[in-house]
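Structure record follows, encoded as structure tokens.
Derivation of every value follows stated rules applied to the coordinates shown; laboratory data play no part. Just so it is clear, the model here is predicted, and its values are computed rather than measured. Every residue, glycine as well, gets a Cβ built from its backbone with ideal geometry; the counts of neighbours run over all protein chains shown.
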Amino acid sequence: MGAQLRLVLDQIAQVVDSDQAGAARDLAVGLIATAPVGCTVEAIVPAGGTIEIAGLAGVRALPLARRELAGSWQLGIAPGVGGGLIHAPTLMAPLIKHDRLHNHDQTAVTVWDLNAWEAPQTMSKTAVAWQRGMLRRAVRHADVVVVPSHAMVDRIGALAKLGDRVRVIAGAPPENFAAVRDVAARRKELLLPEKYVVLTGTAEELEHGFRAAAAADLHAVVLDAPEGSEPRLAEHASAAGLPEQRAHVRGVLSRQDRAVVLGGASAFVAATTLSAWPWRAMEAMAMSVPIVAVDTEVHRDAISEGGALVAATDVTEAVMDAVGAGAKRLGVLAGDRARAFSWASSAERVWSLHADL
């Protein structure tokens, strides 16, 4: 018997989080490609959203724009949505009372990180309140909450009474993630140094990465730095022994520019300890960049044998190996690990999830 899966694509017209927006689009393509016989995919989009994904069975445009829709759904008001099998690749979902038993309605939401609880200082107060409020609604109305790693199951369970409604479906590197053709010209435009390591993490977490870059006589390129954080990060770099002129801070970059930056890196250092899917580590592995990651449960799940998982105090030693004798070995391991993830595989698990419900 066929079924239609209704996918919420709320960031089509207004991107709020570029990683989650890209993941939602890649998942949509995967769901269409792996749809069981007789099953189709419909997109639910805010007013003003246009979408061009081949194979969609339909597009349900709602009467509200995304900002208004987010507020409406936070209050439990979901005009024009309808029922059926609804899958939200984020917390943005019509979490309202529904009848799964008799009407076969289902609502699944996805939580990619717990920053609103673990690092609220990195977000606006409005965003923190919205995410916390939507998780509370998920406790009452979601049939299942999807998280990307086993490490997040217990953590989210401590924050919300979800019982056995938590499922793990990993993310994946972006589809066709590769540098642009004229890489040298784009690196010049991005003002990238000749030899560098890429770092991700909070200002405090980046200390060990800065120290490692200094010890390896390399530059450090920080990705995803919050706007206005450059002076503070420069101070942290200097305190760690890395001259300010060798610390290059970048904010949110496009997918193509991230590929350019990561493709030229001697190593990638994942310093964060937060419960969050490691988007940049996935991208670095897809480009076979040697990975050094602080040993956390999330990194054990996602990176595993694809990189060197070490204590924060051992990052310098690990980076020295990653850019030296261990470079080739770690690059091969990273590339091999990346092949364990794909949006097609994640999509198949989404179909199975809704079939099981």
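Value of Rg to Rh for the range 1-115, rounded to two decimals, is 0.94; Kirkwood radius and Rg both from alpha-carbon coordinates. Packing around the peptides 3-14, 159-170, taken as the average count of other Cβ atoms within 10 Å per residue, puts them in this order, highest first: 3-14, 159-170.
Just check the range 183-338 against the gyration tensor rule for me: Cα atoms, a ≥ b ≥ c as the square roots of the eigenvalues, rounded for a/c under 1.5, and otherwise prolate or oblate depending on whether a/b exceeds b/c. Intermediate values should be presented prior to the final figure.
On the way: a/c = 1.34, a/b = 1.17, b/c = 1.15.
Cα axes put the range 183-338 in the rounded bin.
Amide H contacts under 5 Å for Q106: G84, L85, I86, restricted to partners 5 or more places along the chain or on a different chain, H placed in the peptide plane at 1.01 Å from N.
Starting with the highest mean, order 30-38, 219-227, 48-56 by the number of other Cβ atoms within 10 Å, averaged over the residues of each peptide.
Working: 30-38: 16.6, 219-227: 20.3, 48-56: 12.8.
Packing proxy ranking, top to bottom: 219-227, 30-38, 48-56.
DSSP H helices in the chain with Cα extent of 20 Å or more along the helix axis and mean Kyte-Doolittle hydropathy at least -0.5? If you can, show how the numbers build up before the last one.
Numbers: long enough: 18-33 (23 Å, 0.54); 125-141 (24 Å, -0.65).
The qualifying helices are 18-33.
Karplus-based coupling profile of the range 83-89, in residue order and whole Hz: x, x, 8, 10, 10, 10, x, with θ = phi - 60° in 6.51 cos²θ - 1.76 cosθ + 1.60 and x standing for Gly or Pro. Under a 5 Å amide H cut-off, with hydrogens placed 1.01 Å from N, A270 pairs with V292, A293, V294 among residues at least 5 apart or on other chains.
One-quarter of the Cα convex hull surface for the chain, in nm²? Before the final figure, lay out the partial values.
On the way: hull surface 70.2 nm².
Average of the hull's projected areas for the chain equals 17.6 nm².
Counting only helical runs of four or more DSSP H residues, what would the 222 nm mean residue ellipticity of the chain come to if each run contributes -39,500 (n - 2.57) and the total is spread over all its residues? Write down the numbers at each step before the final one.
Details: 14 runs with 138 residues, N = 357.
The helix contribution divided over the chain gives -11500 deg cm²/dmol.
At 1.002 mPa s and 20 °C, plugging the Kirkwood radius over alpha-carbon pairs of the range 1-47 into Stokes-Einstein gives what diffusion coefficient in µm²/s?
Values: Rh = 11.3 Å.
After rounding, the answer is 189 µm²/s.
Hull volume per residue, based on the alpha-carbon atoms of the range 116-214 and their convex hull, is 169 Å³. Over all distinct Cα-Cα pairs of the range 278-347, the Kirkwood formula returns a hydrodynamic radius of 12.0 Å. Look at the alpha carbon pairs under 8 Å that are at least 6 residues apart: their mean separation over the length of the chain gives a relative contact order of 16 percent.
For the range 63-202, the relative contact order is 17 percent, taking Cα pairs closer than 8 Å that sit 6 or more residues apart in sequence and dividing their mean separation by the residue count.
The amide H of V222, built 1.01 Å from its N in the peptide plane, has L199, H248, V249, R250 as neighbours under 5 Å, considering only residues 5 or more places off or on other chains. Please work out whether the range 142-185 counts as rounded, prolate or oblate from its C-alpha gyration tensor, where a ≥ b ≥ c are the square roots of the eigenvalues and a/c under 1.5 means rounded, while otherwise a/b larger than b/c means prolate and anything else oblate? Judged from the Cα gyration tensor, the range 142-185 comes out prolate (a/c at least 1.5, a/b above b/c).
Counting only lysines at least 8 places from K188 when in the same chain, there are none with an alpha carbon closer than 22 Å to its own. In a fully extended conformation the segment linking V139 and I77 would gain 20.7 nm over its present Cα-Cα distance, using 0.36 nm per residue. A Förster radius of 35 Å combined with the Cβ-Cβ distance from A13 to M320 puts the calculated FRET efficiency at roughly 0.15.
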